[in-house]
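The values are calculated or read from the model by the stated rules, or taken from the named source; none is laboratory data. Remember, it's a predicted structure, so these values are computed and weren't measured experimentally. Cβ atoms come from the backbone with ideal geometry, glycine included; neighbour counts cover every protein chain shown. Accessible surface areas use protein heavy atoms only, side chains included; no ligands, DNA or RNA. Shrake-Rupley method; radii C 1.70, N 1.55, O 1.52, S 1.80 Å.
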Amino acid sequence: MASSNHPTKPEGIDLDDDVWERLGEEERALTSSAAPLLAEHSDLETKMSDPEVISDQKKARKFGRRYAELGRVTAAYRRFIAAVADLQAGRDLAETDPEFESEIEALKEEADAATEVLREVLLPRDPDDGNDVIMEIKAGEGGQESALFAADLARMYLRYAERKGWKSEIMNETWSDLDGYKDVTIAIRTPGAVPPEEGVWAHLKYEGGVHRVQRVPVTESQGRIHTSAAGVLVLPELEDEGEIEIDDNDLRIDVYRSSGPGGQSVNTTDSAVRITHVPTGVVVSMQNEKSQIQNREAAMRVLKARLAQLRQDEADAAAAEARRSQVRTVDRSERIRTYNFPENRIADHRTGFKAYNLDTVLDGDLDAVIASAISLDEAHRLSQGI
């Protein structure tokens, strides 16, 4: 029977009573935290075989994503319990047979490692981690050079998406005179349900901010190095667009002719759409599609994502500061990274990451850069216990 110092074993936990009794305080706390998630994982397994769920793509994707996330918890918990039980058994054997004493250290190392993994997967994740994203890249200071750099960034993210096996779509683009981008909007999504840690938002949410470039512009005749910048805004795309309700009376919709490089008209119909959400002043323009209806649908996708992010920013501002990431901040004017062409160097100012492979990074090899942001964020959350 459990004593007052040993809380009752959670229901649904497949664990021998004697093992539970000998768990330490932290081990019991981790087991108790895992219990409802293990039950949810089992329940989802049943629901996902329901024909009603199978026939509903949105519901199946939502359940599949959550199931994959909880699968990590289940796997970590099973490893944790097996390691702890092995350590307990090893200590029991060592009491009667000294030869087993040499095995204890290795068993303890495995138990400690399994405990750490379970602790990490039990930390609450960003609820948007598994979501797809809408990325907006805009030229900033530096004129034509900034627009060319914005185009470089767009290509970098498109190639990164390709390397990851994600699907990408250029929703809207406004060209500059030298084939750079004044602004470009890109949608990036996974081809199916994935665990949250493999989601697009989980990787690209750290990219928002000011990206600075140092290089000799194509327009520079004296060979001098110039510094310019481009801004990147990353928004999680809503899994259920019904989460954001927009009153048609709050919208001002303007139509105009699409334009190409240099502002030249590229069609003879008013197919481009500009939507202004009057209460917030948020403006979204789309012109890539030939149909006004398609441009309006694309603009509404972006508008809903922006309004959702605006709502989230307001909630974050009111929340405890400890729950803000050290890596991803609300301040999108923050200079996050420098791309130095003469030295072939890339440097992230938040994480301290620095490497001399800028050419391969711009070709989409962003894994190490993004991993540095993920690692810093996870270390921060672990230290805060969030």
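Which residue, of VAL184, VAL213, VAL232, is touching a residue at least 12 places away in the same chain (Cβ under 8 Å) and either open to solvent by 30 Å² or more (accessible area, probe 1.4 Å) or under 24 Å from ASP126 (Cα atoms) (or both)? Only one candidate qualifies: VAL232. For region 140-149, the criterion of a residue being among the small types (Gly, Ala, Ser), open to solvent by 40 Å² or more (accessible area, probe 1.4 Å) and out of contact with any strand residue (DSSP E or B) (no Cβ under 9 Å at 6 or more places or on another chain) is satisfied by no position. Might you let me know whether region 11-23 holds any residue that is among the charged types (D, E, K, R), open to solvent by 60 Å² or more (accessible area, probe 1.4 Å) and modelled with pLDDT of 80 or more? Yes, because at least one residue in region 11-23 is among the charged types (D, E, K, R), open to solvent by 60 Å² or more (accessible area, probe 1.4 Å) and modelled with pLDDT of 80 or more. Screening GLY71 with (1) in contact with a helix residue (DSSP H, G or I) (Cβ under 8 Å, 6 or more places away or on another chain); (2) open to solvent by 60 Å² or more (accessible area, probe 1.4 Å); (3) not β-branched (Val, Ile, Thr) gives one miss only, at (2). Give me the pairs, please: first residue somewhere in region 287-312 and in contact (Cβ under 8 Å) with a residue 40 or more places away in the chain, second residue anywhere and assigned to a helix (DSSP H, G or I), beta-carbon distance under 7 Å, and either six or more positions apart or on two chains. Short answer, once both residue conditions are applied: GLN287/ASN295; LYS304/GLU241; ALA308/GLU243.
Of these, GLU239, GLU207, GLU245, which one is under 30 Å from PRO279 (Cβ atoms) and buried (at least 20 other Cβ atoms within 10 Å of the Cβ)?
Numbers: GLU239 fails: buried (at least 20 other Cβ atoms within 10 Å of the Cβ); GLU245 fails: buried (at least 20 other Cβ atoms within 10 Å of the Cβ).
It is GLU207.
Here is a check on your reading of the model: is ASP152 in contact with a Leu (Cβ under 8 Å, 6 or more places away or on another chain) and in a loop (DSSP other than H, G, I, E, B)? Taking the combined requirement at face value, the residue does not satisfy it.
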